[in-house]
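The block underneath contains the structure these notes are about, expressed in structure tokens.
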Amino acid sequence: MSCGLRDVLEFERVGKPAVLVASDVFTGAADKQARMLGQPAARRAFVPHPVQDRTDDELRELARSIVDELVAALARA
Amino acid sequence: MALENLEILDPTPERAAAGLPLAAPMRGEARIALVDIRKPRGDVFLDELERLLAQKGHAVERTMKPTFTKPAPADVRREIAARCDAIIEALAD
Amino acid sequence: MALELVALVKHDCPVCDQLLPVLDAAAAGGAPVRVLSQSDAEETAGQAARLGLSFVPPLDDELALSQRYDPDAVPALLLLDGGVEQGRVEGIDRGRLAELAAQAGVTLELDALPERRPGCASLTRDPRVAASLAARAARREGRIRSRPIEIGGLEDPFEALFDRGLTDGLPVVPPTPERVVAMLEHTSRDPGDVVGIVPPYDGEATVEKVAINAVMAGAPPAALPVVLAAVEAACAPEFALHGLVATTYPAGPTVVVSGPYAQEIGMNAGGNCLGQGNRANLTIGRGLQLVVRNVGGGRPQEEDRATHGQMGKVGSCFAELADGAPWEPLAQARGVAAGETGVTLMATEAPRAIVDQLARDPDGLCASLALALESVATPKQRLAFDALLVVGPEHGRVFREAGWDRAQVQAKLHELTHRRAGDVVRGALGSPEGVDPRFVTDPEMPVAKFAAAERILLAYAGGDAGLFSMVFGGWASGEIGSAPVTRSIEPWR
């Protein structure tokens, strides 16, 4: 997760909005890391844990449930 | 002198809390890069995201990070940033 | 000519008590006599009152003059010409004092003094004072730049360091400026030099910050160059420290030290080298992990997501045995110049024992070692893991006597850690894990455990008795994960 948040901030630094999607076990860690890397508002969205054990259909449902949030995050000032 | 203060040196990097600006927001039917961090099962999730974003009118480009254990190499990031307006990186677990 | 007599005195020196009234009288009469006290203001004023002096001697600030002229004993009477010393008398010696004073055109009333009396030790000879002065000088000169943290006189410094989250769960040595300066004596590098950028929060590990954490770890100061090289290696991109800190896998950095400096600093390459008891072994590994925690910011259950972790994440470091080794040291095999000392860092889990008490030939021994190597992570895991095999001396003798070198042993172990695909495919042996069946066209095809022979790193260490070797399983290996990194310690000495 933490490598992904760094990527996201690197994209932001070069002017491209970027959002990380992670399992919700990482909400606390992501908040802390965003603060520590100097950007508490780093764009991030979470899907309910677990991920690895889910069927393909469940994963597609997760995508459907989050896509609007992702677009909104990228479109947010 | 038991009651004197003890001075020790800070073992941390003593960083100042910075406030980095976010990039300008995505506008309209932007071209979106979907970056797969290559954790297992992420591809199924991203396939569906790609389909849904395309339905919403976005051009979508798929890339993979070489490994989830390190941040993306600078040249990979540069290429993505050059071609796309926004990035979604998934799926970290 | 600017001749003057300058005296250095202490408040708790009876010999100074005897000479001071004499110097005070001369100064009061207009003679070019200056007295400077090594004691503090309160102590000096007390002495002056006690002796009934007409002047309270000013203080030798930061013991600057005392350090410059460096007397062994006080009272020290110096004859200075424009600051340049022309002569001195330490303690009382009436004849020599009279002679010295005469050169400055001064007459001292010495009759009441003993003929001779040795002085007391100058305050600059007190080691604690010397350390404190060195620390203050380091701060003034910008060699120490870290923010001071004050721990109140009523706080227990050990509890205070726990409370501030700066420890790995064990007590740390409070990193006072004196201890950090003493640690920094063992590198010629500038304390501001950057050793590496530590993930996950890109903390800048300067030589000074590494020294502070090395003090906290309890490292002997001579070990600093090894800790510095270990931090440098850990921050190399190919080591993937960010991923290693963040992983759910129980891996941490293991430091293998090869070369003569290991022995110089008292490291253990022999009996119980992977266990307790040796300060250098334990504290070098710990120093690196404290840098990861305090400079990088990676903490358990936050950035460090290890499911279980393992004890080696407190610190994992040992030295290789030079004598009797079947092959060259690991650092030299990986590019460090002959005769230099190097560190090799590898992401590993905790070590396990491998028992072979019967093999007399290298083929048989390799077969036993291979059985254990197969089981890194479980035999179902193929190609994803590397290993560090620590060959003990009783096993090493088998290879040495057969003339097998490193490459030969690696090749044999690689060959012997192949299994038929049918045994390692998903579902085989009842275990759902294993090789994806899409990649198995023929159940008889051999599947390697390791991606290449060179992925089995060989080190040589251990006690003389015991037919054991040890295997440290690796972590996500190769291009997609962490690769072992070797660095010479010489640039850090």
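Across segment C:419-493, Cα-Cα distances exceeding 16 Å account for 69% of all pairs. The dipole here belongs to segment C:289-420: it is taken about the Cα centre, uses +1 on the Cβ of Lys and Arg and -1 on the Cβ of Asp and Glu, and is about 480 debye.
If you average the C-alpha positions of segment C:275-320 and of segment B:17-73 separately, how far apart do those two centres end up, in angstrom? A separation of 35 Å, based on Cα centres.
Candidates C:21, C:8, C:57 compared by Cα position along the dipole of segment C:1-87: farthest toward the positive end lies C:21, with charges placed on Cβ.
For chain B, the longest principal axis of the alpha carbon atoms and the long axis of helix B:42-55 meet at an angle near 60°. Estimated translational diffusion coefficient (Stokes-Einstein, Kirkwood radius over Cα pairs, 20 °C, 1.002 mPa s) of chain C: 80 µm² per second.
Between residue C:59 and residue C:141, the C-beta separation translates, for a Förster distance of 25 Å, into a calculated FRET efficiency of about 0.70. Residues B:67, C:378, arranged from fewest to most other Cβ atoms within 10 angstrom of their Cβ, appear as C:378, B:67.
Residue by residue along B:42-54, Cβ atoms of other protein chains within 10 Å of the local Cβ number 5 on average. Within 10 Å of the Cβ of each residue in A:52-63, the mean number of Cβ atoms contributed by other protein chains is 5.
Find how much the distance from residue C:68 to residue C:302 grows on full extension, using 0.36 nm per residue of separation minus their present alpha carbon separation; answer in nm with one decimal. Don't jump to the answer; show the numbers that get you there.
Working: separation 234, 0.36 × 234 = 84.24 nm, distance 5.18 nm.
Length difference between fully extended and current span is 79.1 nm.
Between the residues C:86, C:104, C:66, the greatest Cα displacement towards the positive end of the dipole of segment C:47-104, with unit charges on the Cβ of Lys, Arg, Asp and Glu, is found for C:104. Of all the options B:41, B:15, B:51, the one that moves most in a Gaussian network model of chain B with Cα springs shorter than 10 angstrom is B:15. A cysteine counts as unpartnered when no other cysteine's C-beta lies under 4.7 Å of its own; in the protein assembly as shown this applies to A:3, B:84, C:235, C:273, C:317, C:366.
Filter the GluC sites (Glu not before Pro) in segment C:404-493 to those in DSSP coil with at most 11 other Cβ atoms within 10 Å of their Cβ, and list the result. Kindly include the intermediate steps, with their values, before the conclusion.
On the way: sites: C:415, C:433, C:444, C:454, C:479; in loops: C:433, C:444.
Those satisfying the criteria are C:444.
So what is the orientation-averaged projected area of segment C:239-290, using the convex hull of its C-alpha atoms, in nm²?
Details: hull surface 17.6 nm².
Computing the convex hull of the Cα atoms and averaging its projections yields 4.4 nm².
Taken along the Cα-to-beta-carbon direction at a fixed 7 Å, the label points for residue C:96 and residue C:263 span 4.7 nm. Axis angle, to the nearest 10 degrees, between helix C:362-374 and the longest C-alpha principal axis of chain C: 90 degrees.
Each residue of segment C:267-283 is assigned a 3J(HN,Hα), and the resulting list reads 5, 9, 10, x, x, 6, 5, 9, x, 8, x, 9, 4, 5, 3, 5, 8 Hz, derived from the Karplus form 6.51 cos²θ - 1.76 cosθ + 1.60 (θ = phi - 60°), x at Gly and Pro.
For residue C:459, nonlocal amide neighbours, meaning residues 5 or more places apart or on other chains whose placed amide H falls under 5 Å from its own, are C:389, C:390, C:391. Amide H contacts of residue C:202 (H built 1.01 Å from N, in plane; Pro and chain starts excluded): no residue 5 or more places away or on another chain comes under 5 Å. The equivalent ellipsoid of the protein assembly as shown has semi-axes of 63, 35, 18 Å, largest first, where each one is the square root of 5 times an eigenvalue of the Cα gyration tensor.
To test your reading of the geometry: what angle, between 0 and 90 degrees and rounded to tens, separates the Cα axis of helix C:406-416 from the longest principal axis of chain C? It works out to around 40 degrees. Evaluated on segment A:33-77, the Kirkwood hydrodynamic radius is 12.2 Å, with distances taken between all distinct Cα atoms. Note on the protein assembly as shown: antiparallel DSSP beta bridges, both residues inside, total approximately 60 percent of the bridges counted. Under the convention that each Lys and Arg Cβ holds +1 and each Asp and Glu Cβ holds -1, the size of the dipole of chain B around its Cα centre is about 520 debye. Between residue C:476 and C:482, the built amide H atoms are under 5 Å apart, and every one of these is 5 or more places off in sequence or on another chain.
Two decimals, Cα atoms only, Kirkwood Rh: what is Rg/Rh over segment B:12-89? Walk me through the numbers before you get to the answer.
Values: Rg = 14.9 Å, Rh = 14.2 Å.
Result for segment B:12-89 is an Rg/Rh of 1.05.
Packing around the peptides C:27-37, C:222-232, taken as the average count of other Cβ atoms within 10 Å per residue, puts them in this order, highest first: C:222-232, C:27-37.
For peptide A:42-48, what's the mean number of Cβ atoms from other chains within 10 Å of each residue's Cβ? Averaged over the peptide's residues, the number is 3.
Where a number appears in this text, it was derived from the coordinates with a stated rule and is not lab data. Nothing here was measured: the structure is a model prediction, and the numbers come from that model. In this analysis, Cβ positions are derived from the backbone assuming ideal geometry, glycine residues included, and neighbour counts consider all displayed protein chains.
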